Each structure stands twice: as C-alpha cells, then as structure tokens.
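J.: Can you keep this structure in mind? I'll have questions shortly.
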Amino acid sequence: MDNERLYIKDVSKLLGISENKIRFYEKKGLIKPERTESDYRIFIKDDIVRLQMIIIYRELGFSIADIEDVLKRGVKENILDHFHNQWRIINREIDRLRVMRKEVENTLDSIYESSDSQVSSIILSKMHYLLEERNIRDGWKDKWNFDESAMDYDNLVKDGEGELGIYKEYKKFLSQTYSLTISECKKDNPRILEIGVGTGNLSEYFLKSNIDIIGIDQSREMIKIAKNKYPHFKIRLGEFLKIPYDNKEFDNIVSTYAFHHLNADEKYQSIMEMKRVLKKDGKIIISDLMFHNNYDKNKFCSKLSEEGKRLLEDEYYTIVEELGSMICALSMSIEYIKFDEIKGTIIISNKI
Ligand SMILES: C[S@@+](CC[C@H](N)C(=O)[O-])C[C@H]1O[C@@H](n2cnc3c(N)ncnc32)[C@H](O)[C@@H]1O
C-alpha cells in the first residue's frame, strides 16, 4: 500500500464506507486528496490513515468540528481534552436515558394499576417528580471554580488552615478515612470508587496498597494534577449527581472534603445515585465538614468572626441529624464518627 494510489471506489471498498461519505469528509475539509488531470480523486497512504482516524472518531461520536481540531492540532493534551469532553457528553446522555427508563418502567406499572379516569393524573404526578429530579441533577454548578484553585490546592492543605481550621490534621483525617474504608469492607479485593478526588491525596493510600480504586472529579484541572502525581490512577470526569458507572459496580464509595459542595436536595439525590452504583452490602464512607446537629453548629459559629461566618455559609456543611432522616427514607442507615468540632465521618449502608 505504501506507494499505492487509490481511486475513491477502491477506498470505499477498502474501508467499508460509502463514496458519498468520503466526499462529505472532503467537503468538510477533513481530507484533501489530490486530483488527477481528469479531476479524479487520488488517495495515498496518508489519506487512508487519516480516513481511518476519522471513521474511528465518528464511531466514538465525535462531532465534525472536534475531529477537525483533533486532526489539526494533534497534541496529546488537546486529544485528551477532547476524549474527556466526549466521555462527559456520553455519560450525560446515558444518565438521561437511565432516569427516563426507570420512570417509564415505574409509570407503566402505575398505569396498569389505575382506572381509566386516573391515568392522566398518574402520568402528571410522575412527570412532575421526574422534572424536579432532573432540575436538581442538572442544576449543580461548580461555583467555587476548582479548575482555578487546583494548582494551589496541595499548598493550601499544608498550611492554609484559616479561621475555620478545616485542614487541621488533614493527613490524619485522610489516613483515618482510608483505614475505616478498608475495615468496613469484607472482601479481599474490593472495588472502590472515590468521588471528588481532587489532587489524589486520599487516593494515594489506596494506590500504595494496590487496591482497585477508580476516582471521579468534576474538575479537569484537578484530574490533570492527580494524573501527574499518579499516572496509573484511573480518574475520570464525573459528578456526585451523575456517576459515570453502571449499577452495583462498587464495594465501597469514599469521599473526603467534597460532599459539602452539595446542598441538602443535592445531597439526597447524590446518595440515591451512590446507592445505585453500590453493591447491596457496600458502604459509603464520607469524611467531610459536618456538625452532629444545629446546636453544635451554632456553638461553633458563636466563636467566629463575621468573615468566618460568611465562609461557613458559603458551603453546605452537613448536619448529620438532618441527613439521617433523609437516609432513613432511602432504607439506609447512618453511623457518625466525630473527628473534631467541624469534621467527621459518616458511614452509610443499605438496611439489610
Ligand atoms: C476540597 S477538594 C478535596 C479533594 C480531596 N478529596 C481531598 O480530600 O483533598 C474538593 C474536590 O471535590 C470536587 N467536587 C466538588 N463537588 C463535586 C461534585 N459535585 N462532583 C464531583 N466532584 C466534586 C472538586 O472538583 C474538588 O476536586
């Protein structure tokens, strides 16, 4: 093939795509085959390789504009950005379809069980719930801009305790979370999901012990840093509210310093989402900023300056007692372990 020169019909046969498609890619500027004197297209080896790349990218769902950019720039970091973006697009679609399938199935049963006159109101009530859930799942935004703070994060946890002291005994808190996660797991080779990995400081404990861990984070820049530190660590773009994995895939789910970026409704939805990907006897271990109850929160608040109070209210510290009643509604149980006056760990499991 090295020096071969092929006509469009040969290329079509060789690659199993129509001539029209090849003309379309040419029209879009993705390929530029030479022309003979009689204006026939001639394809050389480089054109064929390029077409093969285009076919693969199309199979993966890339848009024409994305393919153009990938082929033009060809830099690894740019290709990675495109793949991460495509991963996000595909998972959003799967998430949307998964919720739709669940609701269509539930509504089907309700319609069977209802009388003719009840059908419309049954559908309306289900759809109302569906839209509410969708708004919460799609509504979460990174208002803290983690992409921007990613570079400084590891310095911040070393000495940036600030008035609230959230990173006081950071390493001890992480190491304790790791030990709890391992001790809560009955299996020899557990599969762990970490949510909100950031720069991978908790992940390091699992990786050093050769534990099968996958991490997700919503920030591309955080992922870049964690990947530089731990090149073999599997980290993907993903959110608490949209976990890019199938049902019942993980033995345990763990998270540190991330859950307080969700408000109460989002926390509830995210626990349903974690429950979905958790095996039946699996556990969720969340170490984060939290108070046992409002009394403890008010006591802590009373010692803060106005700026301290503002910082505290900028995030959604969990009130364990309030979360507990939500978790009961999901047929799950919760255990709380206090770390200090502002931090703690909750262990959530399915009621057996
Ligand atoms: C304060 S950092 C904590 C990083 C690390 N877990 C640690 O303990 O140092 C919070 C991380 O959670 C991620 N995060 C926040 N909200 C998230 C969400 N809804 N879904 C996924 N990741 C989220 C952020 O992007 C950021 O990387």
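Read the figures in this text as sums done on the coordinates, not as results from a lab. Everything quoted here is computed from the prediction, not taken from an experiment. Backbone-built Cβ (ideal geometry, glycine too); neighbour counts: all protein chains shown.
J.: What ³J(HN,Hα) values, in whole Hz, does the Karplus curve 6.51 cos²θ - 1.76 cosθ + 1.60 give for the stretch 323-337 when θ = phi - 60°, with x put for Gly and Pro?
T.: Whole-Hz 3J(HN,Hα) from phi for the stretch 323-337: 5, x, 5, 5, 5, 4, 5, 9, 6, 10, 10, 9, 10, 10, 10.
J.: What FRET efficiency comes out for Phe300 versus Ser183 if R0 is 30 angstrom and r is the Cβ-Cβ distance? Round to the nearest 0.05.
T.: Efficiency for this residue pair is about 0.55.
J.: Work out from phi, with θ = phi - 60° and the Karplus expression 6.51 cos²θ - 1.76 cosθ + 1.60, the ³J(HN,Hα) of each residue of the stretch 30-42, listed in order in whole Hz, and give x for Gly and Pro.
T.: My calculation for the stretch 30-42 gives 7, 10, 9, x, 5, 10, 7, 4, 8, 6, 7, 6, 10 Hz in order.
J.: So in the stretch 146-350, what percent of DSSP beta bridges are antiparallel if you round to the nearest 5?
T.: So the antiparallel bridges amount to about 45 percent of the total.
J.: Rank these for me by crowding, Thr36, Thr256, going from fewest to most other beta carbons within 10 Å.
T.: So the residues, fewest neighbours to most, are Thr36, Thr256.
J.: Defining a contact as two alpha carbons under 8 Å apart and six or more residues distant in sequence, what relative contact order in percent does the chain show?
T.: Taking the mean separation of contacting Cα pairs over the length of the chain, I get 12 percent.
J.: With the crude spin-label approximation of a point 7 Å out along Cα→Cβ, what separation in nm comes out for Arg23 versus Glu169?
T.: If labels sit at Arg23 and Glu169, their model points lie 7.3 nm apart.
J.: Could you give me the radius of gyration and the Dmax of the stretch 146-350, taking only the C-alpha atoms into account and expressing both in angstrom?
T.: According to the Cα coordinates of the stretch 146-350, Rg and Dmax are 16.2, 49 Å.
J.: Please list, short to long, the whole-number percent of alpha-carbon pairs of the stretch 130-193 in consecutive 5 angstrom bins beginning at zero.
T.: Reading upward from the zero bin: 3, 12, 12, 13, 15, 15, 18, 10, 2.
J.: Nearest 0.05, what FRET efficiency do Trp87 and Ser333 give at R0 = 30 Å with Cβ-Cβ as r?
T.: Calculated value: 0.35.
J.: Right, next: From the phi angles alone, apply the Karplus equation (6.51, -1.76, 1.60; θ = phi - 60°) to the stretch 296-310 and give each ³J(HN,Hα) in whole Hz, x where the residue is Gly or Pro.
T.: Residue by residue, the stretch 296-310 yields 5, 5, 5, 4, 5, 4, 5, 8, 8, 6, 4, 5, x, 5, 5 Hz.
J.: While we're on this one: Under a plain spin-label model, where a point goes 7 Å from the Cα along Cα-to-Cβ, how far apart in nm are Ser114 and Glu148?
T.: Label at Ser114, label at Glu148, 4.7 nm between them.
J.: I've got another one for you. May I ask you to derive the FRET efficiency for Asp340 and Lys208 from their Cβ-Cβ distance with R0 = 30 Å, giving the value to the nearest 0.05?
T.: The formula returns an efficiency of 0.75 here.
J.: Pairs to check: Lys143/Lys343; Lys168/Lys242; Lys102/Lys299; Lys275/Lys303; Lys102/Lys229. Give those whose C-alpha atoms are more than 32 Å from each other in this structure.
T.: Lys102/Lys299; Lys275/Lys303; Lys102/Lys229
J.: Turning to a different aspect of this structure: Is the shape of the stretch 223-333 best called rounded, prolate or oblate, per the rule: a/c under 1.5 gives rounded, else a/b larger than b/c gives prolate, else oblate, with a ≥ b ≥ c the square roots of the Cα gyration tensor eigenvalues?
T.: Oblate is the answer for the stretch 223-333, as a/c is 1.5 or above yet b/c matches or exceeds a/b.
J.: So who's got an amide H within less than 5 Å of the one on Lys343, skipping anything under 5 residues away but keeping other chains? H placed 1.01 Å off N, in plane.
T.: Met290
J.: What is the Cα centroid distance between the stretch 138-196 and the stretch 217-249, reported in whole angstrom?
T.: Using only Cα atoms to place each centre, the spacing works out to 13 Å.
J.: Quick one: compute a quarter of the convex hull surface over the Cα atoms of the chain and quote it in nm².
T.: About 25.3 nm², averaged over all directions.
J.: Here's another thing I want to ask about it. For each of Glu59, Glu273, count neighbouring Cβ atoms within 10 Å of the residue's Cβ, then give the residues from fewest to most.
T.: In increasing order of surrounding Cβ atoms, one gets Glu59, Glu273.
J.: What percentage of all Cα-Cα pairs in the stretch 8-73 are separated by more than 16 Å?
T.: 41 percent
J.: Residues in the stretch 244-272 near a label at Leu156, defined as backbone nitrogen under 15 Å from the 7 Å Cα→Cβ point?
T.: Under 15 Å, as judged by backbone N against the label point of Leu156, lie 256-262 of the stretch 244-272.
J.: Okay, moving on. On the principal axes of its Cα set, how long, how wide and how thick is the stretch 298-352? Give whole Å, largest value first.
T.: 45, 20, 15
J.: Let me ask something else about it. Determine, for Trp87, Trp144, the number of other Cβ atoms within 10 Å of each Cβ, and report the residues in order from fewest to most.
T.: Going from sparsest to densest Cβ surroundings: Trp144, Trp87.
J.: Over the stretch 146-350, what is the relative contact order in whole percent, taking alpha-carbon pairs under 8 Å and six or more residues apart?
T.: Once normalised by length, the contact order is 19 percent.
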